[in-house]
Amino acid sequence: QVQVAESGGGLVQAGGSLRLSCAVSGSIFLFAAIRWYRQAPGKEREWVATMTSSGTTTYADSVKGRFNISRDNAKNTVVLQINALKPEDTAVYYCKAVRGVDGYWGQGTQVTVSS
């Protein structure tokens with residue numbers, strides 16, 4: 001059973017930073033791409049960033065230059081560093097471990113940015 005768990009969300013003022021973590025249980029982590037998504041109130045879930053198992057990263061245009069994704073294989077964890085936060089970054093942030101056709105979601109972590 002693969003388990004995915006996000007942590008690190010919270011309330012922060014605009015311009016601040018947060019460090020979100022995604023922990024993935026099991027050996028799947030080494031072979032999985034890890035994707036971050038977010039869902040703002042009343043909006044659809046949107047893709048934010050991806051790190052492949054080989055370390056390639058891609059970002060949505062809306063976060064490029066402010067978000068940075070990194071991977072710690074020893075800890076089965078992917079970190080999403082969020083800088084220069086804006087009120088429009090307020091959302092529940094989810095990570096998903098993807099391997100082939102299989103995908104495993106976490107429960108999400110709330111990020112709230114005050115202006």
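Key figures
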item	result
Gyration tensor (alpha-carbon) shape descriptor, segment 1-59, a/c threshold 1.5	prolate
10 Å-binned pair-distance histogram of the chain (Cα, whole percent)	15, 51, 29, 6, 0
Test item: Cα-centred dipole of the chain, Lys/Arg +1 and Asp/Glu -1 on Cβ, debye	120
Separation of alpha-carbon centers, segment 7-38 and segment 50-115, rounded to whole Å	5
Candidate aspartates and glutamates - alpha carbon under 18 Å from residue 43, same-chain residues fewer than 8 apart omitted	61, 88, 89
Largest to smallest principal axis extent of the C-alpha atoms in segment 52-115, angstrom	39, 24, 23
Accessible area of the chain belonging to carbon and sulfur atoms, whole % at 1.4 Å probe	48
Set of aspartates and glutamates with alpha-carbon distance to residue 96 below 13 Å, sequence-local pairs under 8 removed	6, 46
For segment 90-100, Karplus couplings with θ = phi - 60° (6.51, -1.76, 1.60), whole Hz, Gly/Pro x	4, 4, 8, 9, 10, 10, 9, 9, 10, 9, x
Choice from 84, 74, 32 showing the highest fluctuation, given a GNM over the chain with Cα pairs closer than 10 Å	74
Modelled FRET efficiency - R0 35 Å, residue 56 with residue 114, Cβ distances, 0.05 increments	0.55
Percent RCO, i.e. relative contact order, over the chain, from Cα pairs under 8 Å lying at least 6 residues apart	37
Rg [Å, one decimal], Dmax [Å, integer] - segment 29-79, C-alpha atoms	11.8, 37
Nitroxide proxy distance, nm - points 7 Å out along Cα→Cβ at residue 40 and residue 7	2.9
For residue 61, solvent-accessible area (1.4 Å; no DNA, RNA or ligand), Å²	130
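The values are calculated or read from the model by the stated rules, or taken from the named source; none is laboratory data. Every value quoted in this text rests on a predicted model; they were computed, and no experiment measured them. Quick reminder, even Gly has a Cβ in these numbers, built from the backbone with ideal geometry, and neighbours come from all protein chains shown. To get the accessible areas, we keep the full protein, side chains included, count just its heavy atoms, and leave off ligands, DNA and RNA. Shrake-Rupley method; radii C 1.70, N 1.55, O 1.52, S 1.80 Å.
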